[in-house]
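The values are calculated or read from the model by the stated rules, or taken from the named source; none is laboratory data. Keep in mind that what you see is a predicted model, and the values were worked out from it rather than measured. Here the Cβ is made from the backbone with ideal geometry for all residues, glycine too, and neighbour counts use every protein chain on show.
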Amino acid sequence: MKEVIETQVVIVDRENPDLAMIQVAADLIRAGELVAFPTETVYGLGANAFDAAAVAKIFAAKGRPASDPLIAHIYAIAQLEQITHTIPDIAWDLAQAFWPGPLTLVLPKRACIPDNVSAGLATVAVRMPNHRVPYHLLRLADVPIVAPSANLFSRPSPTTAQHVMDDLDGRVPLILDAGPADIGVESTVLDLTQPIPTILRPGGLPIEQLRKVVSAVTYSPKYAAMAGETMATPSPGMLIKHYAPNAEVLLFVGRRGKVLEAMRLATERRIAAGKTVGVLIADEDGEQFAETGATVTTLGSQADLPHIAQRLFAGMRALEHQGVDVIVTRTFDRHGLGLAIADRLIRATEGRVIEVDN
Ligand code: TXA
Ligand code: MG
């Protein structure tokens with residue numbers, strides 16, 4: 001049976017965190033325990049990267065398959081050499097340009113990192129968060145900290161401490177609460193062990209930004225069906241069922257006018273059939289659904305993709321919390337953070353995208 005532990009939530013100031021409290025968290029990490037903490041992207045569930053038994057607790061707490069590797073977090077660029085080797089110049093250039101920040105680099109792994117961190121792969125993913133809380137936590141713990149998003153497996157990533165509590169209450173001793181995450185989607189994962197740097201997961205650092213430093217970057221999304229649990233896939237984040245909320249999600253893709261028409265029709269049909277419907281849309285779309293009887297959650301202006309990204313997972317969770325049967329939503333522009341937004345929405349539908357003809 002799984003051990004139930006009491007979960008403590010402690011509020012810490014984002015800019016000027018109480019170092020005595022962070023020391024308590026660092027001591028827990030050094031003692032082989034888990035700590036959930038904020039980052040600029042989403043909340044993470046951390047453990048000592050050098051401690052295989054502590055790392056195993058992450059998989060148990062999340063219900064995460066062992067085939068899904070973890071990201072190691074560091075607070076100084078120099079730590080990269082502690083955990084990876086054969087580091088190409090481009091990695092240093094990218095670290096200089098974008099760390100601390102929402103970029104994760106995949107590089108050859110040193111033997112000091114236990115195999116369960118990387119699902120048995122010869123590589124390890126590394127990033128330096130842009131947030132004072134993990135900065136001090138990493139500094140005081142004095143070890144790299146592996147941390148997946150602090151949600152139960154295949155649930156939307158947590159962007160507030162309350163989301164972490166909703167999923168992990170009784171499974172983690174301490175949650176550090178520094179308020180909502182700024183970016184709201186996870187880091188961009190870039191594989192530097194391929195002949196051409198390859199985006200494995202679009203995220204908080206837009207591809208346009210990456211291309212300013214590395215001109216050749218490839219990204220070709222493959223939304224594979226659930227792979228066998230024993231196989232370490234190149235990027236398990238590619239598994240289609242990865243951000244699925246409890247409700248059925250209908251994702252509409254196409255020109256906005258036609259899409260809104262189709263969304264309204266689908267909403268009205270479901271409501272007529274006795275279902276409760278939540279609509280997840282841009283501010284500008286809201287009035288189209290005013291009379292439908294659906295619960296409307298707006299994410300921000302469609303022109304403000306950072307705002308939409310910041311509210312995306314919170315919006316999914318809010319609608320779930322209301323107990324809606326169906327979530328009706330659409331894609332937005334694909335530039336900047338739009339690529340990550342589209343990716344998360346496609347995963348939430350488990351691939352059932354509805355293309356509306358123009
Ligand atoms: O923003 C973020 O990256 C957050 C915060 C907490 O830092 N973390 C996060 O971790 O999103 P997680 O575990 O939810 O996603 C990690 C993903 C894996 O699912 C996989 O796609 C990729 O990173 N990954 C990790 N190690 C890898 C490796 N060795 N090779 C390829 N992909 C890897
Ligand atoms: Mg995750």
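Inside segment 64-105, can you point out the residues that are among the polar types (S, T, N, Q) and in a helix (DSSP H, G or I)?
Looking only at segment 64-105, we keep the residues that are among the polar types (S, T, N, Q), and these are 67, 79, 82, 84, 86, 96, 104.
Once the filter is applied, which keeps residues that are among the polar types (S, T, N, Q) and in a helix (DSSP H, G or I), segment 64-105 yields Gln79, Gln82, Gln96.
If Asn48 passes every condition in (1) more than 20 Å from Pro173 (Cα to Cα); (2) within 23 Å of the chain's Cα centre (by Cα); (3) away from ligand 2 (no atom under 16 Å from the Cβ) but one, which one does it miss?
Exception for Asn48: condition (1).
Mind counting the residues in segment 202-243 that are surrounded by 18 or more Cβ atoms within 10 Å (Cβ to Cβ) and either of a type in the set (Asp, Glu) or at pLDDT 95 or above (or both)?
The qualifying residues number 7.
List the strands (runs of 3 or more DSSP E) that sit entirely inside segment 1-60 and contain at least 1 residues that are surrounded by 22 or more Cβ atoms within 10 Å (Cβ to Cβ) and of a type in the set (Gly, Ala, Ser).
In segment 1-60, 35-37, 44-48 are the strands (runs of 3 or more DSSP E) which contain 1 or more residues that are surrounded by 22 or more Cβ atoms within 10 Å (Cβ to Cβ) and of a type in the set (Gly, Ala, Ser).
Looking only at helices (runs of 4 or more DSSP H) that lie completely in segment 251-358, which have at least 1 residues being under 30 Å from Ala161 (Cβ atoms) and β-branched (Val, Ile, Thr)?
305-321, 338-348
Yes or no, residue by residue, for (1) in contact with a helix residue (DSSP H, G or I) (Cβ under 6 Å, 6 or more places away or on another chain); (2) farther than 22 Å from Arg201 by Cα; (3) among the charged types (D, E, K, R):
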{"position": "Val4", "(1), (2), (3)": "no, yes, no"}
{"position": "Met21", "(1), (2), (3)": "no, yes, no"}
{"position": "Glu81", "(1), (2), (3)": "no, yes, yes"}
{"position": "Thr84", "(1), (2), (3)": "no, no, no"}
{"position": "Phe98", "(1), (2), (3)": "no, no, no"}
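Is it fair to say Glu40 is closer than 21 Å to Thr159 by Cβ, within 13 Å of ligand 1 (Cβ to nearest atom) and of a type in the set (Asp, Glu)?
Here the answer is yes, as Glu40 does meet what is asked.
When the residues of segment 6-45 are filtered to those that are within 16 Å of ligand 2 (Cβ to nearest atom) and in contact with a Lys or Arg (Cβ under 8 Å, 6 or more places away or on another chain), which remaining residue is farthest from Leu103 (Cα to Cα)? Break it down into steps so the answer makes sense when it comes.
Taking segment 6-45 as the starting set, the residues that turn out to be within 16 Å of ligand 2 (Cβ to nearest atom) are 34, 36-45.
Then keep just the ones that are in contact with a Lys or Arg (Cβ under 8 Å, 6 or more places away or on another chain); that gives 34, 38, 45.
Values: Leu34: 23, Pro38: 16, Leu45: 18 Å.
Checked segment 6-45; the qualifying residue farthest from Leu103 (Cα to Cα) is Leu34.
Quick check, is Gln302 surrounded by 17 or more Cβ atoms within 10 Å (Cβ to Cβ) and on the phi < 0 side of the Ramachandran plot?
Values: surrounded by 17 or more Cβ atoms within 10 Å (Cβ to Cβ): yes; on the phi < 0 side of the Ramachandran plot: yes.
Criteria met by Gln302.
Listed here are the residues, each with its yes/no results for (1) part of a loop (DSSP other than H, G, I, E, B); (2) small (Gly, Ala, Ser); (3) more than 16 Å from ligand 2 (Cβ to nearest atom).
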residue	(1), (2), (3)
Leu107	no, no, yes
Pro129	yes, no, no
Leu137	no, no, yes
Phe153	yes, no, no
Gln162	no, no, yes
Gly170	yes, yes, yes
Gly179	yes, yes, yes
Ile183	yes, no, no
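So, Ile83, is that one within 16 Å of ligand 1 (Cβ to nearest atom) and touching a Ser or Thr at 6+ places or on another chain (Cβ under 8 Å) or not?
So Ile83 fails the test.
Return the residue satisfying two criteria in turn: it lies in segment 285-326 and is charged (D, E, K, R) and under 20 Å from the mean Cα position of the chain (by Cα), and of such residues it is farthest from Ala247 (Cα to Cα).
Only one residue fits best here, namely Asp304.
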